[in-house]
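Step one of this worksheet: look at the structure below.
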Amino acid sequence: MMSSTGPFLQWAQEVAALLLLRVRRTVLQTAILLCVLLLLLWIAVFLYGSFYYSYMPTVSYVSPVHYGFRTDCGLPGPDLCSFPIANISLVKNNRDRVLMYGQPYRISLELELPESPVNQELGMFMVVMSCYTKGGRIVSSTARSTMLHYRSGLLQTLDTLVFAGLFFLGFAEQKQMVEVELYSDYREDSYVPTVGAVIEIQTKRIQIYGAQLRIHAHFTGLRYLLYNFPVTSAILGVASNFTFLSVIVLFSYLQWIWGSVWPREPLSVQVNTRDGASLQQRREEARRRLATPRPASPPQLPGEVLETIGPIGDTAQAKELDLSEETEFESVESSLFTDANYPPPAGTLLTLPQLGEGAEPIPGAEIRQRHVCSSS
């Protein structure tokens with residue numbers, strides 16, 4: 001019984017170890033994949049946030065307007081010595097411009113005017129705004145007229161009676177908010193950027209609680225979608241960045257694992273030889289023929305010159321021998337040309353034939369020599 005359970009326990013231990021190794025590998029791969037996905041998601045969110053911050057201009061900018069006027073005239077009464085004038089800077093923190101190039105803006109002035117007898121008797125008055133660039137040069141100017149809203153005496157009396165408790169406790173005041181639209185479609189010039197504006201109220205009998213300059217951007221196209229649908233735009237933008245980064249990481253991983261996404265197949269060249277003989281056999285045959293020793297030539301007498309006449313035999317046999325010699329030479333030349341252009345496989349010893357004195361004589365051919373006496 002013990003002998004039968006021994007191999008089973010060993011097999012169970014091996015299977016458990018293999019499963020544990022696979023589980024560890026799977027957990028490690030899953031952890032690495034989650035870390036990579038979280039990193040890609042963080043990069044995608046960062047890229048979308050950077051794009052939104054750099055592409056979207058200031059949606060709404062509100063700046064308080066503090067008017068100044070002369071007080072050295074000494075005239076008694078409610079009249080001022082000069083027109084109220086305010087200078088407003090359109091640069092935030094002395095470095096960031098409020099207006100962006102090419103973006104249309106709506107610029108308006110809000111005046112908080114008390115319902116005093118002086119303002120009610122004032123009637124219409126002019127508000128002038130002049131935008132200037134660096135150096136004080138005016139690049140744009142506009143003028144708009146406005147007045148206090150009319151309310152009859154009976155309506156003012158009823159309003160005072162109804163809201164008397166709030167007026168007494170200080171939760172309400174008898175005043176009006178008058179909004180003056182100065183620019184409906186103001187566009188910044190990239191060559192002469194606006195750095196400030198001067199606002200002047202052309203009347204000396206006005207009484208003002210306070211004033212504010214409002215600049216609101218009119219968005220079109222992509223900026224309109226980003227401003228009016230921020231959640232949908234953020235989801236689409238982050239998803240697009242995440243997909244693009246995932247594709248880049250995937251291709252980089254495949255390039256690192258496989259070496260290339262589309263591996264190139266090795267170039268294979270087949271060389272066909274005559275009579276079905278392989279290239280190695282033809283090299284051995286050419287080497288064997290060239291290594292055959294050349295027969296010794298007959299002794300030459302002094303004063304004689306040996307002249308080769310040609311092969312002995314009929315003409316047909318000579319032509320056949322010449323044809324076989326030419327064919328063999330072409331075979332050797334073809335093998336040498338093939339070896340020069342296509343290197344032999346690794347481990348093959350290649351010896352080039354030495355064409356010279358050790359050339360093999362043509363079998364079946366005899367050389368006939370004729371004695372020629374020299375004239376000396």
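The values are calculated or read from the model by the stated rules, or taken from the named source; none is laboratory data. Note that this is a predicted model, so its numbers are computed, not measured. Counting neighbours? That spans all protein chains shown, and the Cβs are built from the backbone with ideal geometry, glycine included. Note: accessible area is taken over every heavy atom of the protein model, side chains too, but ligands, DNA and RNA are not part of it. Shrake-Rupley method; radii C 1.70, N 1.55, O 1.52, S 1.80 Å.
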Taking the convex hull of Cα positions in segment 36-124, its mean projected area over all directions (nm²): 10.5
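Just by accessible area at a 1.4 angstrom probe, what is the order of Lys92, Lys134 from largest to smallest?
I get Lys134, Lys92, largest accessible area first.
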Leu99 accessible area, assembled protein chains, probe 1.4 Å, Å²: 10
Amide H within-cut-off set for Gln176, under 5 Å, with H built and near neighbours excluded: Leu113, Glu115
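Take Val98, Val118 and sort them by solvent-accessible surface of the protein heavy atoms, 1.4 Å probe, largest at the top.
Details: Val98 5, Val118 30 Å².
Sorted descending by solvent-accessible area, the residues read Val118, Val98.
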Counted charge near Pro193, where neighbours are those whose Cβ lies closer than 14 Å (Asp, Glu -1; Lys, Arg +1): +3
Asp79 accessible area, 1.4 Å probe, all protein chains in place, Å² to nearest 10: 70
Accessible-area ranking of Cys131, Cys35, Cys81, Cys73, largest first, probe 1.4 Å: Cys35, Cys73, Cys81, Cys131
Protection-proxy order for peptides 196-206, 163-173, 213-223, each taking the mean of Cβ atoms within 10 Å per residue, highest first: 196-206, 213-223, 163-173
Residue-level accessible surface for Glu121, protein heavy atoms, 1.4 Å, Å²: 140
